[in-house]
């Protein structure tokens, strides 16, 4: 029996793939597709997975690996694992108050959690439920006054890092969302299909739709005070993506944010160099999980090129396709200081809430430990391409 089969048989999940299967069973289809899907034909999303699978580790023996260190220092923060739970929009419709559950699991594991602008739980709700500082993700909106207000609220909550997402000048086209009614106009047949989708998942209806209220974008209630439903909020959010943003806007963010600034969505060597010139503290090599522009390079394929280009001028993180601890070790060997996890924690929280996220992180710790030891390495901070068979 393979690990991929276990979740379907009701056994304990062992992998992120197992949690994905559980999430698919427990979520209404349109919500699972929103979490799982990507842009156009989803080739880049799939290539993110394949690119990490192609990387080969060097197994080394007869080295003292009795003492291993998985901890690191990223953007001024000590982490017990080189991991950050990435900002995940609409996470709170995947599980009851999912952002709070994930933030708690991250805190217990000693990793960073990043709150999304379009989270269901507000900055203040997450802060009240946790003790460790968490990061905050921001879009530069057309309404700059509201973006500024969000930064003020994040500062008041003690967020040390602002994750500025820069690859959403326009919204990517996601065919699954169009087909299932998450995006675009719906026919009567489509509305009835969606209603049946919800009714056929009574556990989700009870636990999330009813007990998980309010199902609104918690950080946007003052921006859209008359909104009565998520679709109304989403329409406002979609109208706020600003295609006029340039590098000059980073200076405006810096004026309003005293902490570290991490640019998420860098996939080009020249853009990485510009990020350093314009004062970013770090970047995330990312194609938005393949959710924006299909047909671009996989994150792991671009990572070493970007690292070589910026040297020690920026702290470089990566997301996209990371599904286990071996993937994390590979990314660190390619030059990343840490990895962001998006879908991985989304599947886990949808399947088993806080316990699912905690178990997923624990499994990644174990997988990283095994990979380090069998590669003859002792410290995640000193991994290089020398531990890969194909360092190019």
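Within the option set 336, 331, 351, 371, being in contact (Cβ under 8 Å) with a residue 12 or more places away in the chain, over 19 Å from residue 56 (Cα atoms) and in contact with a helix residue (DSSP H, G or I) (Cβ under 9 Å, 6 or more places away or on another chain) holds for one residue only, 351. When we screen 312, 308, 294 for residues that are at pLDDT 95 or above, out of contact with any strand residue (DSSP E or B) (no Cβ under 9 Å at 6 or more places or on another chain) and more than 21 Å from residue 174 (Cβ to Cβ), the only hit is 308.
Remark: residue 337 matches the filter, which requires a residue to be touching a strand residue (DSSP E or B) at 6+ places or on another chain (Cβ under 7 Å), surrounded by fewer than 23 Cβ atoms within 10 Å (Cβ to Cβ) and modelled with pLDDT of 95 or more. Quick one: residue 198 ticks every box in (1) at pLDDT 90 or above; (2) under 26 Å from the mean Cα position of the chain (by Cα); (3) closer than 20 Å to residue 25 by Cβ bar one, so which box is it? Among (1) at pLDDT 90 or above; (2) under 26 Å from the mean Cα position of the chain (by Cα); (3) closer than 20 Å to residue 25 by Cβ, residue 198 violates only (1). Remark: residue 372 falls outside the filter, which requires a residue to be within 20 Å of the chain's Cα centre (by Cα) and assigned to a helix (DSSP H, G or I). Of the residues making up the range 242-259, at least one is crowded, with 17+ Cβ neighbours inside 10 Å and modelled with pLDDT under 90.
The values are calculated or read from the model by the stated rules, or taken from the named source; none is laboratory data. What you see is a predicted model, and the numbers here were worked out from it, not measured in a lab. Ideal geometry is used to build each Cβ from the backbone, glycine not excepted, and the neighbour counts take in all protein chains shown.
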